[in-house]
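K.L.:
Quick one: structure below, then a few questions.
The values are calculated or read from the model by the stated rules, or taken from the named source; none is laboratory data. None of these values were measured; they are calculated from a predicted model. Note: ideal-geometry Cβ built from the backbone for every residue, glycine included; neighbour counts use all protein chains shown.
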Amino acid sequence: MMRLCSMGSYRDIDRSRTAEEIPGRRKVTTQFGRPWHFAGLIVGVLLATVPAPAQTGDGPIVRIDTGAVRTEVRNGVLSAKGIPFAAPPVGPLRWRAPQAAVGWSGVRDARSFGHDCMQIPFSSDAAPLGASPAEDCLTLNVWAPPVKSSAKRSVMVWIYGGGFVNGGSSAPVYDGAAFARDGIVFVSFNYRLGRFGYFAHPGLTAAAEGPLGNFGLMDQHAALRWVHRNIAAFGGDPARVTIVGESAGGASVAHLMGVPATRALFSQAVIMSGGGRDSGALGGPRDMRVDVSNVLSAETIGVNFATANGIAGTGAATLAKLRALDADAIAKGVGIGELMRGPPPGPPTFTAPFIDGITVVGSTETLFRSGAVAKVPLIIGATSADLGFLSASSKEMLFARFGNKALAARTAYDPTGTRSLPELTQRIAGDMTMVEPARYLATRMAALGAPVWTYRFSYVAQSMRSENTTGALHATEIPFFFDNLTAKYGDRLVPADAKVAQSAHRYLVSFVENGNPNGTGGVRWPTVHSDDVSLLDFASDGRTVSGADPRLGQLDLVALLETATDSSSGNAR
């Protein structure tokens, strides 16, 4: 299997370039290691609820390895958007590893987003797209403080979630301005989704056009290599890069930690609701070419898709027909909404990431258990009522999953017998898919000697409490950590919400800057030990609570389930 660092046009491009100095302003400081006053807190809360008019103008021209880009300055933050980090993956480059971006002459306008990657948009997405989807989508965005400084700034790279079938970097919730205001260079990027990003077929193997497999994850590698080459032009330090992802983005961070070729491209990591157990929805992947037991290979699933579209064979003509398919035909049936309705009749025609030996070299659980991961400072956590996939027609059926521990599970999850079946199903499913796997990965990293902090996000925005009584749902922590609540809640934002956002954001800023979420002031976030999983809970009442996990007994019971064979493994998937 070819190593990633020797992949022709997929390797770093060594071009000479001039980094234009970015003019700007003095760094504004905050509580963690910076001046902080009670009056400032009150003013900040009030201002968070009433956005000031935007002050916008042309920013400086910044030179990167492919050319010069025109930036924008808005309210004291520089941004550059829609910068290509790879060639458009269209036509003969569909289902190819990302190729080098083509340079340009003159100055490229970088004041608006590029297309998000091709997908079926999800109407209930926690971060709805801000740009139209298309195959020509491999662009990234940078937010930075326009400050002259001899010292390079820490960098945060955001990887969005969406089940590997939805999502994009243009979502207003993912705006990186708050990080730039705190002195961090923030980068977001697009990566291919659905069948565009995760597809194998014997015709592709026979064509031998380069590395095959998880093209969307290869896009992530290419974006990080762009950061390594170019972020200094925006004042960033390529040696101090923190990768942060949520849901599929969190699972992607775990994949990146397990690939030796990418470990030099980041120094810290944050996994938000990224799963990690082989039995979970984002857990053990299938093989690219070998059907194992009743788990179909990615190539078999690719053949199923071709057959469903009337395309047979494995040669060059077959591959040409597949690449000639309309983009809508490739996206058909693959989206969060479609997948939530259950698989369509017939053989499966889509797979999420699989073992390709390049971007996924083994299951996340196996890699963390064996220690074959980057041993870097890590924050990991989940929401209190996170995402899961369970169905049960009664409490008896639900607790029967725990076998001879059914009574113990009922006592732990429903001690008074008054919790509703939907609430219990949500809690147990979320614990199985996200919460317990986060604890497991945290303890494994701690056993490897890496500094680890884990969190539980339990706070629900005030305006959402009448319709959400189960707890903080999947992805709801993002606008709080981004300190970007206005993009999500608008005029429904209240000071209590803003206070939680300021707290969560300050912890993340401190981690990106210092490799430790603890600064001066605030509740101390304890580190994890292999036998002591203390955490920080952004509690439902708005407090920040540090200490032992109050759901320890419940998660111990779930951990017993994780070691058992999934009863559904007999079904081809």
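K.L.:
Kindly indicate the residue of the stretch 267-295 that is among the aliphatic types (A, V, I, L, M) and at pLDDT 90 or above and also farthest from ALA475 (Cα to Cα) among those meeting that condition. Quick ask: steps written out before the conclusion?
P.N.:
At the first step, the residues of the stretch 267-295 found to be among the aliphatic types (A, V, I, L, M) are 269-272, 281-282, 288, 290, 292, 295.
Now narrow it down to the ones that are at pLDDT 90 or above: 269-272, 288, 290, 295.
On the way: ALA269: 18, VAL270: 14, ILE271: 12, MET272: 8, MET288: 30, VAL290: 34, VAL295: 29 Å.
Only one residue tops the list, namely VAL290.
K.L.:
Which of (1) in a loop (DSSP other than H, G, I, E, B); (2) free of Cβ contacts under 8 Å to residues at least 60 places away in the same chain; (3) surrounded by 15 or more Cβ atoms within 10 Å (Cβ to Cβ) does VAL500 not meet, given it meets every other one?
P.N.:
If we test VAL500 against (1) in a loop (DSSP other than H, G, I, E, B); (2) free of Cβ contacts under 8 Å to residues at least 60 places away in the same chain; (3) surrounded by 15 or more Cβ atoms within 10 Å (Cβ to Cβ), just (1) comes out false.
K.L.:
Give me the pairs, please: first residue somewhere in the stretch 412-437 and touching a residue at least 24 places away in the same chain (Cβ under 8 Å) and in the same structural domain as GLY471 (by TED's automatic domain parsing), second residue anywhere and of a type in the set (Phe, Trp, Tyr) and surrounded by fewer than 24 Cβ atoms within 10 Å (Cβ to Cβ), beta-carbon distance under 7 Å, and either six or more positions apart or on two chains.
P.N.:
LEU424/TYR413; ARG427/TYR413; ILE428/TYR413; ALA429/PHE389; THR433/PHE389
K.L.:
Moving to a separate point now. Out of the stretch 262-277, which residues are outside any strand (DSSP E or B) and surrounded by 18 or more Cβ atoms within 10 Å (Cβ to Cβ)? Don't jump to the end; show me each part of the working.
P.N.:
The first filter runs over the stretch 262-277 and keeps only residues outside any strand (DSSP E or B), leaving 262-267, 273-277.
Selection gives THR262, LEU265, PHE266, SER267, SER273, GLY274, GLY275, GLY276, ARG277.
K.L.:
Which residue out of ALA385, ALA400, ALA392 is buried (at least 23 other Cβ atoms within 10 Å of the Cβ), assigned by TED's automatic domain parsing to the domain that holds GLY515, over 17 Å from the mean Cα position of the chain (by Cα) and aliphatic (A, V, I, L, M)? Can you show your working first?
P.N.:
Numbers: ALA400 fails: buried (at least 23 other Cβ atoms within 10 Å of the Cβ); ALA392 fails: buried (at least 23 other Cβ atoms within 10 Å of the Cβ).
Matching residue, one of ALA385, ALA400, ALA392: ALA385.
K.L.:
Going through THR351, THR443, THR366 one at a time, which residue ends up being part of a helix (DSSP H, G or I), of a type in the set (S, T, N, Q) and either surrounded by 23 or more Cβ atoms within 10 Å (Cβ to Cβ) or outside the structural domain of GLY553 (by TED's automatic domain parsing) (or both)?
P.N.:
THR366
K.L.:
In addition: Quick one: in the stretch 418-436, of everything that is β-branched (Val, Ile, Thr) and assigned to a helix (DSSP H, G or I), which residue is surrounded by the most Cβ atoms within 10 Å (Cβ to Cβ)? Before the answer, list the steps.
P.N.:
Within the stretch 418-436, the first condition is being β-branched (Val, Ile, Thr), and the residues that meet it are 418, 425, 428, 433, 435.
Okay, now just the ones that are also assigned to a helix (DSSP H, G or I), so 425, 428, 433, 435.
On the way: THR425: 20, ILE428: 26, THR433: 26, VAL435: 28.
This residue is VAL435.
K.L.:
Which of the residues belonging to the stretch 181-217 are assigned to a helix (DSSP H, G or I) and over 24 Å from HIS115 (Cα atoms)?
P.N.:
Residues of the stretch 181-217 that are assigned to a helix (DSSP H, G or I), as a first pass: 181, 194-197, 202-207, 215-217.
If the condition is that a residue be assigned to a helix (DSSP H, G or I) and over 24 Å from HIS115 (Cα atoms), then ARG181, PRO202, GLY203, LEU204, THR205, ALA206, ALA207 are the ones that fit.
K.L.:
While we're on this one: Kindly establish whether ALA450 is surrounded by 15 or more Cβ atoms within 10 Å (Cβ to Cβ) and part of a loop (DSSP other than H, G, I, E, B).
P.N.:
On the way: surrounded by 15 or more Cβ atoms within 10 Å (Cβ to Cβ): yes; part of a loop (DSSP other than H, G, I, E, B): yes.
When the stated conditions are applied, ALA450 passes them.
K.L.:
Within the bounds of the stretch 196-212, is there any residue that is among the polar types (S, T, N, Q), over 17 Å from VAL244 (Cβ atoms) and assigned by TED's automatic domain parsing to the domain that holds LEU256?
P.N.:
Quick first cut of the stretch 196-212, residues among the polar types (S, T, N, Q) only: 205.
Those left that are additionally over 17 Å from VAL244 (Cβ atoms): 205.
Remaining after also requiring assigned by TED's automatic domain parsing to the domain that holds LEU256: 205.
Looking through the stretch 196-212, at least one residue is among the polar types (S, T, N, Q), over 17 Å from VAL244 (Cβ atoms) and assigned by TED's automatic domain parsing to the domain that holds LEU256.
K.L.:
Can you find a residue that is assigned to a helix (DSSP H, G or I), in contact with a helix residue (DSSP H, G or I) (Cβ under 7 Å, 6 or more places away or on another chain) and over 21 Å from ASN516 (Cα atoms) anywhere in the stretch 378-395?
P.N.:
yes
K.L.:
Among the residues of the stretch 91-112, is there at least one that is within 27 Å of the chain's Cα centre (by Cα) and within 30 Å of ALA498 (Cβ to Cβ)?
P.N.:
Within the stretch 91-112, one or more residues are within 27 Å of the chain's Cα centre (by Cα) and within 30 Å of ALA498 (Cβ to Cβ).
K.L.:
Residue check, SER79 against (1) closer than 30 Å to ALA324 by Cα; (2) modelled with pLDDT of 95 or more; (3) polar (S, T, N, Q), all met but one. Which one?
P.N.:
Every condition holds for SER79 apart from (1).
K.L.:
Could you check the stretch 509-547 and list, in sequence order, the residues that are in a strand (DSSP E or B) and either more than 19 Å from GLY471 (Cα to Cα) or of a type in the set (Asp, Glu) (or both)? Spell out the reasoning first.
P.N.:
Within the stretch 509-547, the subset in a strand (DSSP E or B) is 529, 532, 534-538, 544-547.
Listed by number, the residues that qualify are HIS529, ASP532, SER534, ASP537, GLY547.
K.L.:
Condition first: in contact with a strand residue (DSSP E or B) (Cβ under 9 Å, 6 or more places away or on another chain) and surrounded by fewer than 18 Cβ atoms within 10 Å (Cβ to Cβ). Now tell me which residues in the stretch 453-497 satisfy that.
P.N.:
Within the stretch 453-497, the subset in contact with a strand residue (DSSP E or B) (Cβ under 9 Å, 6 or more places away or on another chain) is 453-460, 464, 468, 470-478, 480-482.
Across the stretch 453-497, the qualifying residues are MET464, ASN468, THR470.
K.L.:
Something else now. Tell me the residue from THR314, THR307 that is outside any helix (DSSP H, G or I) and more than 24 Å from GLY280 (Cα to Cα), please.
P.N.:
Numbers: THR307 fails: outside any helix (DSSP H, G or I).
Of the residues listed, the single one that is outside any helix (DSSP H, G or I) and more than 24 Å from GLY280 (Cα to Cα) is THR314.
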